[in-house]
Structure formats: structure tokens, C-alpha cells
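Visitor: Take this structure first; my questions come after.
The values are calculated or read from the model by the stated rules, or taken from the named source; none is laboratory data. Predicted, not measured: the structure shown is a model, and the values here were computed from it. Positions of Cβ are generated from backbone atoms using ideal geometry, with glycine treated the same way; all protein chains shown enter the neighbour counts. All accessible areas refer to the heavy atoms of the entire protein, side chains included, with ligands and DNA or RNA removed. Shrake-Rupley method; radii C 1.70, N 1.55, O 1.52, S 1.80 Å.
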Amino acid sequence: TQAPVNVTVTGAAGQIGYALLFRIASGQLLGPDTPVKLRLLEIPQAVKAAEGTAMELEDGAFPLLAGTDIFDNPKQAFEGANVALLVGARPRTKGMERGDLLEANGGIFKPQGEAINAGAADDIKVLVVGNPANTNALIAQQHAPDVPAERFTAMTRLDHNRALAQLAKKLGVSVADIKKMTIWGNHSATQYPDVFHAEVAGKNAAEAVNDETWLAEDFIPTVAKRGAAIIEARGASSAASAASAAIDHVHTWVNGTAEGDWTSMAVPSDGSYGVPEGLISSFPVTTKNGKYEIVQGLELNEFSRTRIDASVAELSEERDAVRSLGLI
Ligand code: NAI
């Protein structure tokens with residue numbers, strides 16, 4: 001049998017962590033033939049809670065779970081990591097300025113990037129979930145100069161899945177009937193869910209909808225503001241759906257996209273579609289043999305171009321802000 005794959009999860013005692021770890025242990029992250037070893041990173045105050053979760057993981061008697069170790073030190077937690085899920089982050093609290101938020105997250109993602117650089121396995125794949133996810137991924141990446149830059153990605157798969165669900169509901173079809181959905185830009189309210197290249201049972205999705213007002217005034221804001229709507233309804237932020245999207249992101253990265261389909265991942269730009277090189281921005285990507293490629297050659301109409309540019313401008317501003325704070 002295969003040697004276990006080391007999966008490091010930060011923020012393991014948080015609410016996403018609680019939903020995520022059991023799905024990793026059951027084999028849904030990497031596949032039914034791959035044993036995993038969990039390496040959990042928490043802040044010292046939350047180590048005890050992580051130990052409780054580790055007890056429950058043990059009680060799950062997962063045949064694929066080769067062990068769970070808990071750390072409060074990033075250098076140890078990322079030692080030998082093949083996959084790193086960076087979930088723990090500093091949330092924005094009332095009255096907090098953007099600079100303070102970026103500064104606090106720089107204090108988390110800089111040492112984690114350094115620890116990945118120092119000790120992760122050669123095949124390390126990093127997914128940043130903790131917000132502001134794209135810019136946190138950029139900070140970690142910039143402190144891991146020996147790791148290929150493209151191994152640092154951020155999560156827009158939850159937005160992608162939300163867009164699939166809303167479009168399926170509108171058209172009265174199954175999410176499985178929809179291919180080639182795209183999220184562009186930042187995982188924030190400026191993100192752009194694009195249905196102009198999507199296909200529904202082989203037909204163009206925008207043509208199937210045939211209602212630009214619905215796209216502009218209903219679909220896009222519903223997807224972009226779904227996180228706030230969940231908080232409003234549930235009294236807590238989305239956790240199980242976020243964990244599910246993290247599973248999807250890594251599973252697709254490792255196992256590949258289906259023929260004739262693609263997914264959305266925030267990845268370092270190579271300059272495609274006019275997105276400044278190096279920004280970690282969401283694109284349509286195909287994946288194969290553990291590597292992703294940005295889908296090339298899509299034509300962007302005015303409706304799409306304007307919205308992509310606005311979200312990318314926000315990413316540039318975030319990059320400028322972390323630069324001027326000396327975080328990268
Ligand atoms: P939570 O507050 O329940 O858990 C966060 C955990 O991270 C806590 O246990 C905390 O102790 C830990 N943590 C804080 N600093 C740490 C550090 N330096 N090292 C290790 N652990 C650390 O939050 P929740 O709900 O689990 O969300 C986590 C993050 O995911 C948030 O930033 C949230 O905004 C983000 N998120 C991102 C989504 C996306 O689509 N990209 C979707 C939903 C949430």
C-alpha cells in the first residue's frame with residue numbers, strides 16, 4: 001500500500017476545521033486509495049480543543065487515517081507536508097481598518113510561508129482558505145522562495161459551487177448538467193461569476209438564461225453576498241460548505257478536471273486575460289496529473305471585462321497595501 005500523504009491543516013479547532021477534518025480522514029480529499037496523516041496547527045489557546053477533535057477522529061476509526069499530530073509551531077506542523085490547507089486566519093472585527101486586518105494576517109501567513117519553505121515536501125500543494133484568502137496566499141508565497149510559486153493557491157471554489165447552485169435553480173436543471181462555470185478575480189464581494197462560457201446540457205448558459213438583468217441584479221450579487229446571507233440566517237459563517245469546497249479544490253487539483261469541463265481556482269497570474277503577473281486571482285483552470293493550467297483564449301464581452309477589471313483592481317490594491325506594510 002501507498003505511504004500516507006501528510007496533510008497539514010491550520011485553524012484545525014475552528015468551525016471549518018471541524019467540518020473538514022472528518023472528510024479528509026474518510027478519503028474524500030485525495031481519493032479512496034490514499035492514506036493520510038493529519039498534522040494540525042493551532043494557536044496555543046486552541047490546542048486543547050484540537051485535541052478533542054483528534055479524539056473524535058480516532059473514534060471515527062477511519063481506515064485511511066494513519067494518525068493525527070497537533071502542533072502550535074508552524075515549523076513543526078509543515079514538516080514533510082504534501083498538502084497544506086491554510087484555514088486559520090484573523091477575521092475582521094468591528095471597527096478594524098483594512099491595514100490592521102492585513103497586518104494581523106501578515107503575522108500569520110509570513111511565518112507559515114517560511115515554515116513551508118523550510119520543511120514542506122517537494123510536492124507541496126497549498127490552498128489558502130483563511131480570508132483575505134488571495135492576499136494571504138500571496139504573503140505566504142512571497143516568504144517561500146524555494147517553493148514553485150504556482151503551488152500557492154486560494155479558494156474560490158465555494159463561490160464556484162454557489163454559482164452552479166444558483167444557475168441550476170434558475171434553469172431547473174441539476175448542477176451536474178452545468179459545465180465551464182468561472183469565478184474571476186478576488187474571493188470578495190467584487191468577484192465575478194461568469195456564465196457566458198458556461199454550458200447547460202451542451203447549450204450556452206447565458207443564452208439559456210437570456211436575461212442580462214437577472215445576471216446583473218440577481219445572480220451576481222446573490223453569489224457574491226452569499227456569505228453574508230448565511231451569517232444572517234445561521235448566526236455563524238458558512239463552515240460545512242466552505243470545508244466541502246476546500247475538499248473539492250484539492251481533489252480536483254490532484255485528480256483532474258473532467259474532459260470538457262473546468263473549475264475555478266485563485267492562482268498566480270501569468271498575465272493571462274490582462275491580470276497583472278503574480279497576483280493570485282481566480283481563473284478558469286483545467287487540471288491533470290496534479291498540475292493546473294489557466295484556460296486560454298476565452299473571449300470576454302464588455303459586461304465581463306468591466307467586472308473582471310474591478311475585482312483585479314482590488315487585488316492590486318491589496319498587493320500594494322501589503323507591500324507598503326512591508327509584509328511582502
Ligand atoms: P474560526 O474562527 O471558527 O476558526 C479559525 C481557527 O483558526 C481558530 O480555531 C483559531 O484559533 C485558528 N487560528 C488563528 N490563528 C492561527 C494561527 N496563526 N495558526 C493556526 N491556527 C490559527 O473560523 P472558520 O469559520 O473556521 O473560518 C476560517 C477562515 O476561513 C476565516 O478567515 C474565514 O473568513 C475563511 N473563509 C473562507 C472562505 C472562502 O471561500 N475562501 C469561506 C468561508 C470562510
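Visitor: Calculate the length of the line joining the C-alpha centroid of the stretch 72-130 to that of the stretch 38-55, in whole Å.
Guide: Using only Cα atoms to place each centre, the spacing works out to 16 Å.
Visitor: Expressed as a whole percentage, what fraction of the accessible surface of the chain belongs to carbon and sulfur atoms when a 1.4 Å probe is rolled over the protein heavy atoms? Before the final figure, lay out the partial values.
Guide: Numbers: 6970 of 14230 Å².
Solvent-exposed carbon and sulfur of the chain make up 49 percent of the total.
Visitor: Where Rh is the Kirkwood radius over the Cα pairs of the stretch 287-328, the temperature 37 °C and the viscosity 0.692 mPa s, what D in µm²/s does Stokes-Einstein return? Intermediate results must be reported in sequence, preceding the final value.
Guide: On the way: Rh = 12.9 Å.
Approximately 254 µm²/s, per Stokes-Einstein.
Visitor: Which value, in Å² and to the nearest 10, is the accessible area of R234 when all protein chains are kept and the probe is 1.4 Å?
Guide: Looks like 130 Å² after rounding.
Visitor: How would you rank 161-169, 77-85, 235-243, 6-14, highest first, on the average number of other Cβ atoms within 10 Å across their residues? Kindly include the intermediate steps, with their values, before the conclusion.
Guide: Values: 161-169: 20.2, 77-85: 24.1, 235-243: 16.2, 6-14: 25.8.
The densest-packed peptide leads the list: 6-14, 77-85, 161-169, 235-243.
Visitor: I've got another one for you. Keeping all protein chains in place, calculate the accessible area per residue for the stretch 80-154 (probe 1.4 angstrom), answer in Å². Walk me through the numbers before you get to the answer.
Guide: Details: 2810 Å² over 75 residues.
That works out to 37 Å² per residue.
Visitor: What number, in nm² with one decimal, is the all-direction average of the projected area of the convex hull of the alpha-carbon atoms of the chain?
Guide: On the way: hull surface 65.5 nm².
Projected area, direction-averaged: 16.4 nm².
Visitor: Could you report the stretch 230-302's accessible area per residue, 1.4 Å probe, as an integer in Å²?
Guide: On the way: 3350 Å² over 73 residues.
Ligands and nucleic acids excluded, the result is 46 Å² per residue.
Visitor: Defining a contact as two alpha carbons under 8 Å apart and six or more residues distant in sequence, what relative contact order in percent does the stretch 41-80 show? Mind dumping the intermediate values first?
Guide: Numbers: 21 pairs, mean separation 24.4, N = 40.
Computed value for the stretch 41-80: 61 percent relative contact order.
Visitor: Can you tell me how the stretch 161-275 classifies by the Cα gyration tensor, rounded, prolate or oblate, using a/c under 1.5 as the rounded cut?
Guide: Values: a/c = 1.30, a/b = 1.04, b/c = 1.25.
Rounded is the answer for the stretch 161-275, as its axis ratio a/c remains below 1.5.
Visitor: Cβ neighbours within 10 Å, averaged per peptide: list 202-213, 46-57, 177-188 in order, most packed at the top. Please report the intermediate quantities before stating the final value.
Guide: Values: 202-213: 13.8, 46-57: 16.2, 177-188: 24.2.
The peptides rank, most packed first, as 177-188, 46-57, 202-213.
Visitor: Can you bin the stretch 31-175 into rounded, prolate or oblate? Criterion: square roots of the alpha carbon gyration tensor eigenvalues sorted a ≥ b ≥ c, rounded for a/c under 1.5, prolate for a/b above b/c, oblate for the rest.
Guide: Working: a/c = 1.44, a/b = 1.08, b/c = 1.33.
Note, shape of the stretch 31-175 comes out rounded.
Visitor: I've got another one for you. Taking amide H positions as placed 1.01 Å from N in the peptide plane, with prolines and chain starts having none, which residues 5 or more places from M265, or on another chain, fall under 5 Å of its amide H?
Guide: Amide H neighbours of M265, under 5 Å, 5+ apart: F283, V285.
Visitor: Taking square-rooted eigenvalues a ≥ b ≥ c of the alpha carbon gyration tensor, is the stretch 250-328 rounded, prolate or oblate, where a/c under 1.5 means rounded and, failing that, a/b exceeding b/c means prolate? Before the final figure, lay out each step's value.
Guide: Details: a/c = 2.86, a/b = 1.41, b/c = 2.03.
Oblate.
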